[in-house]
Amino acid sequence: MDKKEELTRLINNPLKPNAVEWAMDAEDILTDMNLLSPEAIQHIKTIKTHGGAFNQDNDALVAILKRAYKSIANVIVPPPIKSWHQVFVAMRFDEKREHLYKNVLTPIVQSANYSIIKVNDQEYEGSIIGKIIDDISDSTILIADLTGNRGGVYYELGIAKGLQLCNHPIRTILTCDKKFFEDVKVHFDVQGDNIILYTSDEDYKEKLSSRIQAYKNEMNG
């Protein structure tokens, strides 16, 4: 029985199977969660001594157990990472971007000892959306090139941002051709982000290498 199940049992069945056992079980789980406060200790002691005769102590302990449940009820656990050295690339699919992926992004990522993937490079069965989510969930860095303002790129970036809210360690690196950024603009929601703006392949290589190395150092402590 996990913590949520045990807390639910104690909250919904006060003083059962008997007051002393109920109080002892409450003491055990609160101790395990590092939530055994002096207040809880006093109520548990009274219930053990008097067999739950005082309603105010019973009700107070139930309230403490409810607070303990609330502290873990909304905790979202991210999916486990299968590969800690994977970079997912989200970008527009065309000849120019393919050159950028093969001749700029791939050598930079691989030189940092990461594998690199994008969804149209792979064979898969079933849902393409499921495959994208799995690949991003298994990555520790997502590079999103916003040049072209493709909806799919923003969608994949949104998946990574959502994972971050769930305490997933994935980092995001946003990049964009400087001329496109100045003439067309990226979506308003990300305009304030620290976007790498590049003017050439060499400029991209230098800036991206530096950002990846900074994240690598951060993740390695």
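For helix 151-165, report the angle its Cα long axis makes with the longest principal axis of the Cα atoms of the chain; keep it between 0 and 90° and round to the nearest 10°.
The angle comes out at about 30 degrees.
Mind listing the long-range amide H neighbours of THR172? Cut-off is under 5 Å, sequence gap 5 or more, other chains count too, H placed in the peptide plane at 1.01 Å from N.
LEU142
In Å², what does the accessible area per residue of the chain work out to with a 1.4 Å probe?
That works out to 55 Å² per residue.
As a quick test, which of the pairs LYS3/LYS216; LYS4/LYS161; LYS16/LYS48; LYS131/LYS207; LYS131/LYS178 have an alpha carbon distance above 23 angstrom in this structure?
Beyond 23 Å between Cα atoms: LYS3/LYS216; LYS4/LYS161; LYS131/LYS207; LYS131/LYS178.
What stretch of the chain, leaving out the sites themselves, is the longest with no GluC sites (Glu not before Pro) in a DSSP loop having at most 10 other Cβ atoms within 10 Å?
With GluC sites (Glu not before Pro) excluded where exposed in loops, the chain gives 1-122 as its longest stretch.
Going highest first, how would you order 43-51, 61-69 by mean Cβ packing within 10 Å?
61-69, 43-51
Of the listed values [x] -0.56, -1.38; [y] -0.66, -1.18; [z] -0.46, -1.43, grab the one calculated as log10 I(q)/I(0) by the Debye sum over Cα atoms at q = 0.11, 0.18 Å⁻¹ from the structure here.
For log10 I(q)/I(0) by the Debye sum over Cα atoms at q = 0.11, 0.18 Å⁻¹, the calculated option is [y].
Give me a comma-separated list of calculated 3J(HN,Hα) values for the stretch 100-115, in order, Karplus coefficients 6.51, -1.76, 1.60 applied at θ = phi - 60°, integers in Hz, x for any Gly or Pro.
Taking θ as phi minus 60°, the curve returns 4, 5, 6, 9, 10, 5, 4, x, 5, 5, 5, 5, 8, 6, 10, 8 Hz for the stretch 100-115.
In whole Hz, what ³J(HN,Hα) sequence does the stretch 188-205 give by Karplus (6.51, -1.76, 1.60; θ = phi - 60°), x for Gly and Pro?
Rounded to whole hertz, the list is 3, 4, 10, 4, x, 6, 7, 7, 6, 9, 10, 10, 7, 4, 5, 4, 4, 4.
Within the accessible area of the chain, what % is carbon and sulfur when the probe is 1.4 Å and the other protein chains stay in place? If you can, show how the numbers build up before the last one.
Details: 6300 of 12250 Å².
Ligands and nucleic acids excluded, carbon and sulfur reach 51 percent.
Whenever you get a sec, line up SER139, SER37 from highest to lowest accessible area (probe 1.4 Å, protein heavy atoms).
I get SER37, SER139, largest accessible area first.
The values are calculated or read from the model by the stated rules, or taken from the named source; none is laboratory data. Computed from a predicted model, the values in this text were never measured in an experiment. Neighbour counts are summed over all protein chains in view; Cβ atoms, including those assigned to glycine, are modelled from backbone coordinates with ideal geometry. Each accessible area value is taken on the protein alone, full model and side chains, heavy atoms only, with ligands, DNA and RNA left out. Shrake-Rupley method; radii C 1.70, N 1.55, O 1.52, S 1.80 Å.
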